[in-house]
Structure formats: structure tokens, C-alpha cells
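Enquirer: Next up is a structure, given as C-alpha cells.
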Amino acid sequence: MKIHRGRIAQYKHDALLRDYLKQNLNDLIQQKELITNGKVKTQIATLDLPTLKFGEEAQYVAQGGGGSGGAGGAAGPGGDEVQALGGLLGGDHHGKELTVELDFDEFVRLAQEVLLDDLRLPAFHEPTRSGEVETQDTPELDDLDRIGLRSDLNLEETMVQSLLRNARERGRLDYDVDVRQDGWYFIEDPATFRNHRSVEIYVLDISGSMRGEYLALVRKTIFVLWHYLERRYPTNLRRYVVFQDVAEEKGRDEFFCVESSGGTHISTGFQKAVELLAGVTEYDKFLFIFTDGETSSGDFDVAKRAYDEALGAFDLVTYGHVNPGGRGVGGFSEYVQEAARSRPGAVFANLVDLDTIRAAMRDFLGRFQAPAASPR
């Protein structure tokens, strides 16, 4: 049997990182600059051992059998020759500790594993396909996907994924199936769907209060959303907006390295998101906005109109009221909370902790199974 030592080392590396993230994710994820040059810096270190050297620095004494003492040597007890050797002994000191840097995608993958384990959310099953299929005939299940109906579970692929995951996480070749992570399902070829692409616009309030634990809640929510949306859609087009008094589109790395400042005009966030939909047609359209809801004086009525416009432009508008202290919902967030109870395509989430993120995900995923409110 061929032993893949590189893979074993990678599994152990992932296991160490996963344990580290499980203990330190909350501190790590709320860093103001989460990404630097495409990398996420951690505080976990790897050891860089020194190479052996000879003829340098301190002198060490070695003994051994041999002939009589000569130049550079002397006779020790019992007639053994004593040699003076130069250099450093391998175990006498360690090299520098190198801080592990992760590619952002790798960091997200590991963070998702930790979060999904903590949240214990159900597997996301494919909804009924009314309005999405070109024909009314019974679809032919001729492809595989990570989401689907339990009755369409592909046992062979699921068992393979279980084996690989347990080897990666535990270092043992065990079959211990977790359908949430290992499940593969028979589905219809996505080419037969009318809409199998999503455009997702993420809008973040960067006013002075949005930092620390506020950012941690936002980023955890976004990472879990990505997990499910990537399993629902083969193609995900993502755009990023930050706003305070004005709104600007940013790249992904800039979005995750925000500088909190200024006031809050929530209306500008909605308006910029609607602008970014120009020319978007064959996509399911999602808006996710995160704010503490304290809009500036004079912006309330403008924000209401902008919110109504966004509801008409997007298939689903998810408003995340970021509230780590668990205070009462007030300000503009109170208006949205009330509107979301009766408006189709509107989701309100009061983000306080992991439990409220779990509730928000259940609400969001439930919209795919409600024909009256499912994405068009």
C-alpha cells in the first residue's frame, strides 16, 4: 500500500489549524484588516529547525576509541582519544518561529467547518423546482450536487467524502457519515435550469460603531451564507459595498479590511446596491445589508424609500441588524423588522450571537422552500 506522506502531513496541518481556529476564531475574525496581500495572518507558529554546522562558534568535546592522541587531541580516561569539535549541536537552539499565513479561501473553508459544527444547521435540500425548470416533465437525475433530497442521496460519493473528511480531521480512515458535510445527491443537470446563477451584493455599514464584535458577527454570517449559496448555485457573482455618509463599491479584500468612521446614511447603501444590478438579468438576485440601524438625522424617510426600491429590484433582501449587546431593536431597524413580517422577499435578522445566526440561516433557507417568496 502506498503511503501518501504529503497528504497525511496536510491532514495534520489542517487539524492543528482547525483546533486553533475553534479556540481563537472570534478574536481572529474581528481584526480590522482581516486580509493582507490576499492572506490571513494567524498567531499559530511553525518551527523552523536549524541545519547542522561544523567549525563555527562554540567548541564541544567528543570521545571515542582510536589511536593515540595526536595534534588537536588528548588522551582521556581509559586511553580514549578526546577530540575538540566545532559547531552547534542540533538540539541546542531553535530557529525562528514562522507565523502561519492562510490564503483567504482556505481560511474561509476552515472557518466554515468550525461555524457549521457550532451552529449544527441542517443540510440544505434542493427545493421543489416550480418556476425554474424549462419543462413540466419529470426531471432526469443525471448529475451530482452537494444539495438535494434525502431520497436522492448518492451513497457511493457520500461514503468517499466521509472517508476523506475523517482522514483529514482525525487522521484515521473511518466511515463516520455526516450528511451535512459529506452528502452528495443525484440531481438534474443544472443546464436545464432557467436560473442557476446568483448575484449577491453585500452591503456593510462602516460607521464608527461597526468594529470588533460587530465585525465578527457580520463575517461569521457571511461565511455561513457562502457555504449554502455555493451549494445552491453553480455560479456566484459577488459585489461588495461599504457605506457611511456615502456608499462605495469595494473589492473583496478591501471589504474585509474596513476603516470605521463617519456617520450613517443607510439610504446610500440601498441605492448603491440597486445601481449595481444594472444589466443583470438571468440571475437570482440577493441583497445582504449589515448595519446597527442608527441612520443619520434626516435620512430615515429617504432610507425607507430606498429599502422599498431594493425590495422591488432583488428577489430577496436580508437585513442584518448587528446587535452584539442584545439591546432592543430601534431606529431604522425597527421599521425593517416590522416591514419584514408582511413583505414578500424581506428577511430581518437580529444578529446577537451564534444562536441568532442559526435562526437567521433557518429563515433564509426556508425562503427557498416557500413558493410565494422563493427567488424568481
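The values are calculated or read from the model by the stated rules, or taken from the named source; none is laboratory data. Quick caveat, the model's predicted, so the values are computed rather than measured. Methodologically, a virtual Cβ is constructed for each residue, glycine included, from the backbone with ideal geometry; neighbour enumeration extends over all protein chains shown.
Enquirer: Of all residues being over 22 Å from residue 28 (Cβ atoms) and surrounded by fewer than 14 Cβ atoms within 10 Å (Cβ to Cβ) in the stretch 103-128, which is modelled with the highest pLDDT? Just the residue, please.
Expert: Within the stretch 103-128, the match that is modelled with the highest pLDDT is 122.
Enquirer: Please tell me if residue 274 is modelled with pLDDT of 90 or more, part of a helix (DSSP H, G or I) and either under 18 Å from residue 244 (Cβ atoms) or basic (Lys, Arg) (or both).
Expert: When the stated conditions are applied, residue 274 does not pass them.
Enquirer: Right, something else. Are any residues in the stretch 325-338 surrounded by fewer than 17 Cβ atoms within 10 Å (Cβ to Cβ) and over 13 Å from residue 266 (Cβ atoms), and if so, which ones?
Expert: 325, 326, 327, 328, 329, 330, 338
Enquirer: In addition: Hey, among the residues in the stretch 209-232 that are touching a Phe, Trp or Tyr at 6+ places or on another chain (Cβ under 9 Å) and more than 25 Å from residue 294 (Cα to Cα), which one's surrounded by the fewest Cβ atoms within 10 Å (Cβ to Cβ)?
Expert: The selected residue is 231.
Enquirer: With the checklist (1) surrounded by 23 or more Cβ atoms within 10 Å (Cβ to Cβ); (2) among the hydrophobic types (A, V, I, L, M, F, W, C); (3) in contact (Cβ under 8 Å) with a residue 60 or more places away in the chain in hand, flag the one item residue 241 doesn't pass.
Expert: Condition (3) is where residue 241 drops out.
Enquirer: Working carefully through the options 168, 231, 219, find the one that is modelled with pLDDT of 90 or more, of a type in the set (Lys, Arg) and assigned to a helix (DSSP H, G or I).
Expert: Numbers: 168 fails: modelled with pLDDT of 90 or more; 231 fails: modelled with pLDDT of 90 or more.
Testing whether each residue is modelled with pLDDT of 90 or more, of a type in the set (Lys, Arg) and assigned to a helix (DSSP H, G or I) leaves just 219.
Enquirer: Check residue 181 against each of (1) surrounded by fewer than 19 Cβ atoms within 10 Å (Cβ to Cβ); (2) part of a helix (DSSP H, G or I); (3) modelled with pLDDT of 85 or more and name the one condition it does not meet.
Expert: (3)
Enquirer: Based on this model, can you work out whether residue 270 counts as of a type outside the set (S, T, N, Q), out of contact with any strand residue (DSSP E or B) (no Cβ under 6 Å at 6 or more places or on another chain) and touching a residue at least 24 places away in the same chain (Cβ under 8 Å)? Walk me through it before giving the result.
Expert: Numbers: of a type outside the set (S, T, N, Q): yes; out of contact with any strand residue (DSSP E or B) (no Cβ under 6 Å at 6 or more places or on another chain): yes; touching a residue at least 24 places away in the same chain (Cβ under 8 Å): yes.
In short, yes.
Enquirer: Restricting the stretch 244-286 to residues that are over 20 Å from residue 332 (Cβ atoms) and small (Gly, Ala, Ser), which is surrounded by the most Cβ atoms within 10 Å (Cβ to Cβ)?
Expert: 251
Enquirer: A follow-up question, please. Go through the stretch 339-359 and count every residue that is touching a residue at least 40 places away in the same chain (Cβ under 8 Å) and crowded, with 19+ Cβ neighbours inside 10 Å.
Expert: So the count comes out to 3.
Enquirer: Restricting to the stretch 241-264, give me the number of residues that are assigned to a strand (DSSP E or B) and touching a Gly at 6+ places or on another chain (Cβ under 7 Å). Explain how you work it out, then say what you get.
Expert: Residues of the stretch 241-264 assigned to a strand (DSSP E or B): 241-243, 247-250, 257.
Now drop any that are not touching a Gly at 6+ places or on another chain (Cβ under 7 Å), which leaves 241, 243, 247.
Residues meeting the conditions: 3.
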